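The values are calculated or read from the model by the stated rules, or taken from the named source; none is laboratory data. All figures in this text were calculated on a predicted structure; none of them were measured in a lab. Glycine gets a Cβ as well: all are built from the backbone with ideal geometry, and neighbour counts include every protein chain shown. Please note that ligands, DNA and RNA were not included when accessible areas were found on the heavy atoms of the full protein model with its side chains. Shrake-Rupley method; radii C 1.70, N 1.55, O 1.52, S 1.80 Å.
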Amino acid sequence: TGDRFGGRLWYQPTNFSVGSYSAHTVCGDSNQLYSWGSNIYGELGFKSWRSQDVPIKVEGMSDIYYYSAGYVAGAVKRDMSGWVWGRDFEEPTHVIDDAIYLDAGIRAVTFIKKDGTVWSVGINYKGTFGNGEYSGNYKTPSKMRNITNAVRVANGYLTTLILLRNGKVMVCGSNQNNGLVSTSYPHVLTPREIPGLTNIIAIAATKYCHLALNQEGEVFVWGYGPENNDRTLRKVPGLQNIVAISARSDGNHFMALDSSGNCYAWGDNNHGQVGRAIFGKVVEPGIVAEGVIDILAGESFSYIVKRDWSLWASGRSNNGSIWLSNLNRRRYVFVPINPYWSALKICEPRYADFSNYSEDSIALCEGDSLFVGQKYQHTTGTYVDTFANRFGFDSLVVSSLNVISHVQDSIAYKVCEFDTVYHLNKAYWQGGIFYDTVYDNHGCPSSMH
């Protein structure tokens, strides 16, 4: 998120991720990928297609920079090589170079290259590849037309969303459930802009519905979603100061995280995936957990990571177990699961390290200024700076600036004739007014007489 896309403010993804029915993490200095849960489409990354109750090491998938899973899966390594597995790919297969981002869906994996172009591999279902074709099965990546400045992509069931560096959102695919925000086109084979969306920094897609998060922390929805009237673009009520959103391409629920660490969820809850003790559809967002730093929406379940780095889950597995140390059964509220259990042989939750994140507290003397938040600042506040690396993503530094006010103070002494008084290690024996400057432990001056 250091490139200012994918999240706001302090949000940064952790090393855990989820697919439709699977879960994944990256561990150790070698950035080794581990997978568990359902493997009915080969999404765990090994040939037997046998589902797993405990994490397994994905052979050949070390040095991982970014990864994503749906019914198929993919990864980008630190050498910027892109890999896919699942469905037609029995094991991880190198398919592209110069990749910096990807999103895996139901039938395909979509990559973004360093030059901002978009490429997809797998099944082009109803024009979702945006390459001008309505269908096709591609073993090598196919280039999307007319896109040269993409920063994020999101795979839905019938559509592909593309977030551009200028904050606009494009879409291609089928309009069966109004994912194109228009009734004029039954399908779009090359990307078209979604009207009404500006300053967008994150996108997400479920099976038939879509979310977009803007710079102000507002969330917009369109398509066939929790409410039947979501077929036109609208702002989601009850959500403010959102820092991250999450959804899965074959799921039917959304998650959102606000700046105070409150986790909201809504949508289909027939498996407990929303994390509320309500069976069926949850129409509007509600708080399901507090003190949260990461949200991970699957299809039939959800993970969250809390501030104490504990991992929690709600919902159910579908072949294999997503519950790690817990019994494999459905739950309608979030319960803790233990990735620290030695038998699991995986690491604890931590921030993903494809961008560096740090927080600084800085004291600034009144009248001085400091270059943070992309310009010179002289008032108390929180400011964000980013520093680019070779992937096009940045290190993220959040600075809390506290301006120390200049203080003027006075002190009076009565001195008898021929006596001496000492103040600030100076001797005084005559009447008068004397001026001096004192400094606090931050080095800020105050006047005294």
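Taking only the range 96-122 into account, find how many residues are open to solvent by 30 Å² or more (accessible area, probe 1.4 Å) and in a strand (DSSP E or B). So the count comes out to 2. When Asn318, Asn328 are checked against the criterion of being in contact (Cβ under 8 Å) with a residue 60 or more places away in the chain, loosely packed, with under 15 Cβ neighbours inside 10 Å and polar (S, T, N, Q), Asn328 stands alone in meeting it. If the condition is being touching a His at 6+ places or on another chain (Cβ under 7 Å) and over 17 Å from Ser317 (Cα atoms), then the range 267-293 contributes only Gly267. Of all residues in the range 261-293 being farther than 17 Å from Tyr224 by Cα and outside any loop (DSSP other than H, G, I, E, B), which is most open to solvent (accessible area, probe 1.4 Å)? Among those that are farther than 17 Å from Tyr224 by Cα and outside any loop (DSSP other than H, G, I, E, B), it is Ile287. Which residues, counting only those in the range 387-423, are in contact with a Phe, Trp or Tyr (Cβ under 8 Å, 6 or more places away or on another chain), modelled with pLDDT of 65 or more, of a type outside the set (Ser, Thr, Tyr) and under 28 Å from Gly367 (Cα atoms)? If the condition is that a residue be in contact with a Phe, Trp or Tyr (Cβ under 8 Å, 6 or more places away or on another chain), modelled with pLDDT of 65 or more, of a type outside the set (Ser, Thr, Tyr) and under 28 Å from Gly367 (Cα atoms), then Val397, Val398, Leu401, His423 are the ones that fit. Applying the selection to the range 304-334, what residues are over 18 Å from Tyr21 (Cβ atoms) and either over 22 Å from the mean Cα position of the chain (by Cα) or of a type in the set (Gly, Ala, Ser) (or both)? Matches in the range 304-334: Ser310, Ser325, Val333.
What about Ala297, is it more than 17 Å from Pro336 (Cα to Cα) and within 17 Å of the chain's Cα centre (by Cα)? So Ala297 does not fit the description; no.
Counting only residues that are of a type outside the set (S, T, N, Q), assigned to a strand (DSSP E or B) and over 26 Å from the mean Cα position of the chain (by Cα), how many does the range 123-153 have?
Matching residues across the range 123-153 total 3.
When the range 50-88 is filtered for residues that are on the phi > 0 side of the Ramachandran plot and surrounded by fewer than 22 Cβ atoms within 10 Å (Cβ to Cβ), the ones remaining, listed by number, are Gly60, Asp63, Met80, Arg87.
Here Gly6 fulfils each of the conditions (1) surrounded by fewer than 21 Cβ atoms within 10 Å (Cβ to Cβ); (2) in a loop (DSSP other than H, G, I, E, B) apart from (1).
I want to confirm something. Restricting to the range 294-310 and keeping residues that are modelled with pLDDT under 95 and over 17 Å from Tyr264 (Cβ atoms), which single residue is least open to solvent (accessible area, probe 1.4 Å)? The residue in question is Ser310. Residues that are of a type in the set (A, V, I, L, M), part of a strand (DSSP E or B) and either surrounded by fewer than 20 Cβ atoms within 10 Å (Cβ to Cβ) or touching a residue at least 40 places away in the same chain (Cβ under 8 Å) (or both) within the range 175-213 comprise Val188, Leu189, Ile201, Ala202, Ile203, Ala204, Ala205, Leu211, Ala212, Leu213, listed in sequence order.
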